[in-house]
């Protein structure tokens, strides 16, 4: 099946689904939900086929497709995926059906909001996310990068909680500002990079760009990605957006969309501007480390569950950033693995928090207390999601965090040591949050809420089960994922011109480091 | 004494203009000879025939490359492309102008001279059918614009400037509602326009003094090989530029724009925002590229500062607006700045990308003003921003259309706003004007805010008591909106054909 145009079909499929679901009249909400779920499952199945067809020892970029678009600018519909993009595509394909199922009742019992529109927006969002990871043409990438904002803007703005307008506008403006910086760089790159947008051809000609120009272009891309990721100090939109978005959409927002930032740095910043990447690396490392500590401290102090999870994400993105800019294969592989694991762990955490919030009607930690007495199973799931999020050994995030830290330690001991403090803080914010919500004496107000007596339903079990299983599986046996990631990361590090120091050749997974 | 020798005239090359002017004169006769009841239908039909015939003439002449009628008119790639653009945009504006179903008698008043607030005025506002003189006036204006972009000497350019400006001054005064505002707009536009024309004419005189000729080619030769004081050249160029910058609404010559855009009948505002912009930039391109290319190092920084000023002023003031038409006016000022960035690339790409931008922006802005004509209450159009709150709940289709157009203005990909901005910014970087692009990007960031505010109002705010209704558009407005939206989408997704067309057309004759 290697000749099958996986990427273009994968990209277009959710768009068609979004149109189909969007056209279902709003009275038939159940039909819309079912179609949306079925559609996202088809995308998942196709992605699994693609995963199987991907050759680990094959070319760096596979499933290459290219169609003419704007010849006078040499912009084309070019799709190709390396290992990094492949795992991200897989993550999207897994998370979207889970989120659709988790959001099943999000727009029920409310005559104002239309369920088909909500699920159409989720599918439209999947379309833009797949497009952004599958694009191998810089112009096409930019188009998806910007268009991605629109479905999420309406999801937050129309279906979010309190302060949704403020959050939606802030989210949109932050991302747009970043995107416009990138636009300037894309134009500049087009002019100095041989008047083409084809990634591989630009890659060949970037050596001729003079140092100064290259640094400015790097900066344009980097600011856009740093806002998207988000790295400290560009992060302030995320707690608002994550706090206001419906829980399922927040899982997609933080679990996948923010990865576009780190993915963009790996795919575009490092290979296209290697010298500038090395030059800016110390600054990026400092920002990332500050982000780890600062966001973790803020997370400890949060009283709003969704904002708390958003802050934990910023801290995790700090780890990913450290791993990327350490420029070792271990740390790089760890970062990419972290992107996947964080998507699963934080996605799960957001979804479970969403289940609590849906029952209680409030997302404030202080409105809970001893909820585990009423909802023992759900509280257990929250506990598990929290442990995965703080990277407990045995869960997948542990491996990625460990890889990042040892990969960084070989080259930057100080940063690795400071970043390790972040692990302790992670334990603090997760455990304290779990304690305040589910442990201890029962908050009497909870008993008066009828929904709080209903423990996890079958639908919710189906939602959390795949994520829990994946987190455990990848916690014990990450080889299938690291095998795919490793060659792509090595190629990226070669582009940057960094080789691993000393006697490394160690990967925690017996992978293919050579 | 020698017999006066008539210049050779290529009627074919001139035919687009001749057709429009001919039909415009015919329209005046129709006004006199047709009974009042059937006038509107006849005039409207006649105007469409005129524009279509003229457009066909442009297509027939598409390969022409010549200077004719004694050097007064140059018919070349940019001329024909811009003429085609003016006609296409003019046809869509005409649909808005011709709409009569939303309001009794249409958007125009029958007698503009009636004292505002008098009994007669109230009567004519409520009942009488609108003036049908608007059609010949529109045709004259469009004809003048066609001549303006093809003028090959500065005097012809001045004549064309007056030919298309005078009907516009009149049209501005004809709004059915808010008569005082409309008259004020017309007077303001007329006075400031006259000053600008005077500047232009004085500049022409100085340039004549410098070069001893008024044809653009002669000026070019004189610039390359100056015989007289260059003070004349610089002063003349500055004054000619002021005249053109005024029409193009570039800061600091933009102050008329919000008042006129707000006061004029909305279909006329649409016509000005789309077609006048094409004409003004067409002439600016021709003057700068054909005549003054030799002193580019002198005017590029000055005009660059003007472009930056325009982009920033337009964007910043758009943020503070509370009236939809004024908001779009300031956005149009900012867009003029982006266009000037494209012009200042001063290379072939600059020419082609500016032409692309003009067409892309024209269709979007027509659709935007088209929607404004629909949102109305008992007193006519409800243009105050607060009145638009929650419109998405009441009429999702129109709110969705408007949102799409606003996203296009904000330059979001998959709309023509993005490809057009990309084209002009790309040309400017290519032409070594990276600093302009940086300011352009900053201005785009600022400008995104007001657009987003409107989107928030439309969708995320609760509808208030005073939220007006969206009228069911008549056939003509529906057609105009459809064309505008489809063009905005198509030029964003498949811009290649039009880009190729602008590239093929990007060659001036001198």
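Tabulated data
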read-out: Residues residue B:377 and residue B:113, FRET efficiency given R0 of 22 Å [Cβ-Cβ distance, rounded to 0.05]; value: 0.20
read-out: 10 Å Cβ neighbours from other chains, averaged over peptide A:166-178; value: 3
read-out: Share, in percent, of DSSP beta bridges within the protein assembly as shown that are antiparallel, nearest 5; value: 100
read-out: Zero-based 10 Å bins, Cα pair distances in the stretch B:10-76, whole percents; value: 21, 40, 24, 14, 2
read-out: Two-site label geometry, residue A:210 and residue B:28: point separation in nm, points 7 Å out along Cα→Cβ; value: 6.1
read-out: The stretch A:179-257, Cα convex hull volume normalised per residue, Å³; value: 105
read-out: Alpha-carbon Rg/Rh ratio, for the protein assembly as shown, with Rh computed the Kirkwood way; value: 1.03
read-out: Cα centroid separation, the stretch B:388-423 to the stretch B:226-267 (Å); value: 30
read-out: Ordering of B:289-300, B:250-261, B:125-136 by packing [mean C-beta count within 10 Å, highest first]; value: B:250-261, B:125-136, B:289-300
read-out: Rg/Rg_ref, the stretch B:357-464, where Rg_ref = 2.2 N^0.38 Å and atoms are Cα; value: 1.22
read-out: Diffusion coefficient, µm² s⁻¹, Stokes-Einstein with Kirkwood Rh over alpha-carbon pairs of the stretch A:6-496 at 4 °C and 1.567 mPa s; value: 58
read-out: Fraction of the pair-distance distribution of the stretch A:395-475 above 19 Å, Cα-Cα pairs, percent; value: 63
read-out: Longest to shortest principal axis, alpha-carbon extents of the stretch B:317-369, angstrom; value: 39, 22, 9
read-out: Shielding by partners - mean other protein chain Cβ count within 10 Å, residues of B:402-411; value: 2
read-out: Paramagnetic reach from residue A:462 in the stretch A:95-109 [backbone N under 18 Å; point 7 Å along Cα→Cβ]; value: A:95-108
read-out: Gain in span if fully extended, residue B:465 to residue B:3, counting 0.36 nm per residue against the direct Cα distance; value: 158.7 nm
read-out: Equivalent-ellipsoid semi-axes of the stretch B:342-385, from the Cα gyration tensor, Å, largest first; value: 36, 9, 5
read-out: For the stretch A:169-192 and the stretch A:344-398, distance of Cα centres in Å; value: 36
read-out: Residue list for the stretch A:266-305, given a label point 7 angstrom along the Cα-to-Cβ vector of residue A:105 and an amide N cut-off under 16 Å; value: none
read-out: Alpha-carbon Debye profile of the stretch B:96-249, log10 I(q)/I(0) at 0.10 Å⁻¹; value: -0.48
read-out: Two-site label geometry, residue B:18 and residue A:441: point separation in nm, points 7 Å out along Cα→Cβ; value: 10.0
read-out: Ordering of B:266-275, A:60-69, A:120-129 by burial proxy (mean other Cβ atoms within 10 Å per residue, highest first); value: B:266-275, A:120-129, A:60-69
read-out: The stretch B:19-157 - convex hull of the alpha-carbon atoms, volume per residue in Å³; value: 121
read-out: DSSP beta bridges in the stretch B:11-505 [antiparallel fraction, %, rounded to 5]; value: 100
read-out: Packing rank of A:431-439, A:271-279, where each peptide gets the mean count of other beta carbons within 10 Å, highest leading; value: A:271-279, A:431-439
read-out: Calculated diffusion of the stretch B:11-505, Stokes-Einstein form, Kirkwood radius summed over Cα pairs, 10 °C and 1.306 mPa s, µm²/s; value: 71
read-out: Surface/4 of the Cα convex hull for the stretch B:188-323, nm²; value: 8.3
read-out: Cβ neighbours within 10 Å from other chains - mean over A:179-190; value: 6
read-out: Rh by Kirkwood over Cα pairs, then Stokes-Einstein D for the stretch B:403-510 at 1.002 mPa s and 20 °C, µm²/s; value: 130
read-out: For the stretch A:52-66 versus the stretch A:264-285, the gap between their alpha-carbon centres in whole angstrom; value: 25
read-out: CD proxy at 222 nm, helix term only [per DSSP H run n ≥ 4: -39500 (n - 2.57); per residue of chain A; nearest 500]; value: -23000 deg cm²/dmol
read-out: Extended-chain gain in nm, criterion 0.36 nm per residue less alpha-carbon gap, residue B:225 and residue B:181; value: 10.8 nm
read-out: For the stretch B:11-505: relative contact order, % (alpha-carbon pairs under 8 angstrom, 6 or more apart); value: 15
read-out: Per residue, the convex hull volume that the Cα atoms of the stretch B:41-95 enclose (Å³); value: 79
read-out: Shape category assigned to the stretch B:105-163 from the gyration tensor of Cα positions, a/c cut at 1.5; value: prolate
read-out: The stretch A:10-122: radius of gyration and largest Cα-Cα distance (Dmax), Å; value: 17.1, 54
read-out: Label-to-label distance, nm, for residues given as residue A:30 and residue B:48 (7 Å Cα→Cβ offset); value: 4.9
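Each reported figure results from applying straightforward, stated rules to the coordinates on display, with no laboratory input. It should be emphasised that the depicted structure is a prediction, and the values quoted were computed from it without experimental measurement. Counting neighbours? That spans all protein chains shown, and the Cβs are built from the backbone with ideal geometry, glycine included.
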